[in-house]
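Here's the structure we're looking at; comments come further down.
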Amino acid sequence: MSDGKSGLQLRSLLKKSGELELSLVNIPTPEPADDEVVVRIEATPINPSDLGLLIGPADMSTAKASGTRDAPVVTAKMPEAVMRMMAARLDESLPVGNEGAGVVIKTGSSDAARALMGKTVACIGGAMYTQYRVLKVRDVMELPAGATPADGASWFVNPLTALGMTETMRREGHKALVHTAAASNLGQMLNKICIKDGIGLVNIVRSKEQADILHKIGAKYVVDSTAASFMDDLTAALVETGATIAFDAIGGGKLAGQILTCMEIAANKTAKEYSRYGSNVYKQVYIYGSLDTRPTELSRAFGLTWGVGGWLLTPFLQKIGPAEIGRLRQRVAAELKTTFASHYTQVVSLQETLQLSNIAIYNKRSTGEKFLINPNKG
Ligand SMILES: NC(=O)c1ccc[n+]([C@@H]2O[C@H](COP(=O)([O-])OP(=O)(O)OC[C@H]3O[C@@H](n4cnc5c(N)ncnc54)[C@H](OP(=O)(O)O)[C@@H]3O)[C@@H](O)[C@H]2O)c1
């Protein structure tokens, strides 16, 4: 292990030529300011949002490995059609990794910073695929006694997003919710929150294996979008729960429209009188992921009382403010090993993260195939 004065950092560079290059660079660790700490990062997950920056829509069938075992380089072609969307990042070597956890090895002079010396902390702020990260005290959270960096690595993005969904549901006047790609890491957390808090949750999955995962956790409503009876199954679950808000991680294709259609049918089942404009029950779908990058298709069979919008964690947190964020963070800390536990299939070093065989697995974003990077492994 190095002394922390410098360390490796994973970078993603998209060149104007359309070539994506992933590599490791050695960077000096800056001196911490008064209110900063230096964290030796020991665990950081590879989530779909990290993959969006790391690889994005690059054509990985063209991927080539070069460099050395200690300093691997991966290159791949970015399809011509998406280059225009990438204008803002061209020829910029970008660090990756939204969140992580590790041990504080050096601090600034403030009391709050010094109190963290030697502590195991969870961190947010980007550039986590790195050996040493300098962070403001407000961007780290001391983990509860006995929690390891691996326990705390996914403490922010998925837990706060799942909590953000139930908060949004309440704030916007809905009483139950729908979630898609529902056996995801985030979806499993959402089920545990809803079971604990007594909130109705309709899970949409695309296989029996995913349904089994959720039933094992205790999920009551799980519908399979590949079943012939999908629309009927979804409508029945919506009637029972009264869910009128959905969070859709998939985004592309027909699903968002199907959810609104079933919500409209469910609302009309209990409507007292017919309206040619459709039901007056407000129905909302928030698209919060892009697992399917095709266009969103809405065949508008659901009246005119509906909305489809985007939902992103950062603006939501800005909206609720520091006191509420603190309350949600405390809940995550208290339930880190239960409600918000994440599971990983492999722990890899920065070099192993750039092995083509590993990229082929984690870039699939499959259920239960999450990788954890330990930048200081070995
Ligand atoms: N907006 C925000 O602020 C925010 C914050 C956090 C997370 N997110 C989003 O939340 C989602 C879940 O994240 P996670 O870390 O929990 O994911 P994860 O554990 O890696 O799971 C991904 C899930 O998506 C499914 N999936 C992948 N491609 C799909 C497709 N084309 N159609 C349908 N299902 C598909 C997978 O099922 P299969 O095994 O069947 O492929 C798997 O169950 C991601 O989309 C992420 O970007 C958004």
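Points worth noting:
- Accessible surface ranking that places the most exposed of Met60, Met85 first, with a 1.4 angstrom probe: Met85, Met60
- Rolling a 1.4 Å probe over the protein chains gives His343 an accessible area of about 130 Å².
- Across the chain, Cα-Cα distances exceeding 30 Å account for 44% of all pairs.
- Accessible-area value, Ile217, 1.4 Å probe, nucleic acids and ligands omitted, Å²: 50
- Prolate/oblate/rounded label for region 38-154 (Cα gyration tensor, a/c 1.5): prolate
- Solvent exposure of region 157-315 as accessible area per residue, Å², 1.4 Å probe: 47
- Per residue accessible area of region 1-154, 1.4 Å probe, in Å²: 46
- In region 157-315, lysine pairs closer than 27 Å at Cα, eight or more apart or cross-chain: 26
- Gap separating the Cα centres of region 19-40 and region 91-110, nearest whole Å: 6
- Antiparallel bridge percentage (DSSP; both residues within the chain; nearest 5): 60
- Protection proxy ranking of 49-56, 252-259, by the mean of other Cβ atoms within 10 Å over each peptide's residues and highest first, is 252-259, 49-56.
- Alpha-carbon centroids, region 181-209 and region 269-289: separation in whole Å: 23
- Residue with peak Gaussian network fluctuation, the chain [Cα springs, cutoff 10 Å], from Ala228, Ala153, Ala181: Ala228
- Within a Gaussian network of the chain (alpha carbon springs, distance under 10 Å), most fluctuating of Val223, Val281, Val348: Val281
- The helix-only estimate of mean residue ellipticity at 222 nm for the chain, built from DSSP H runs of length n ≥ 4 each weighted as -39500 (n - 2.57), is -9000 deg cm²/dmol after division by the residue total.
- Comparing Tyr277, Tyr286, Tyr221 in a Gaussian network model of the chain where C-alpha atoms under 10 Å apart are linked, the largest mean-square fluctuation is found at Tyr277.
- Each peptide in 351-361, 196-206 receives the mean, over its residues, of other Cβ atoms within 10 Å, and ordering these scores from highest gives 196-206, 351-361.
- Accessible surface for Asp35 stands near 60 Å², nearest 10, in the context of the full protein assembly shown (1.4 Å probe).
- The spacing between region 48-88 and region 302-342, judged by their C-alpha centroids, is 30 Å.
- Counting only protein heavy atoms and a probe of 1.4 Å, the accessible surface of the chain is 53% carbon and sulfur.
- Cα-based shape type of region 157-315, given that a ≥ b ≥ c are square roots of the gyration tensor eigenvalues and the cut on a/c is 1.5: rounded
The values are calculated or read from the model by the stated rules, or taken from the named source; none is laboratory data. Keep in mind it's a predicted model, so treat the numbers as computed, not measured. All Cβ positions, even for glycine, are placed from backbone atoms using ideal geometry, and neighbour counts span all protein chains on display. Only protein heavy atoms, including side chains, enter the accessible area calculation; ligands, DNA and RNA are left aside. Shrake-Rupley method; radii C 1.70, N 1.55, O 1.52, S 1.80 Å.
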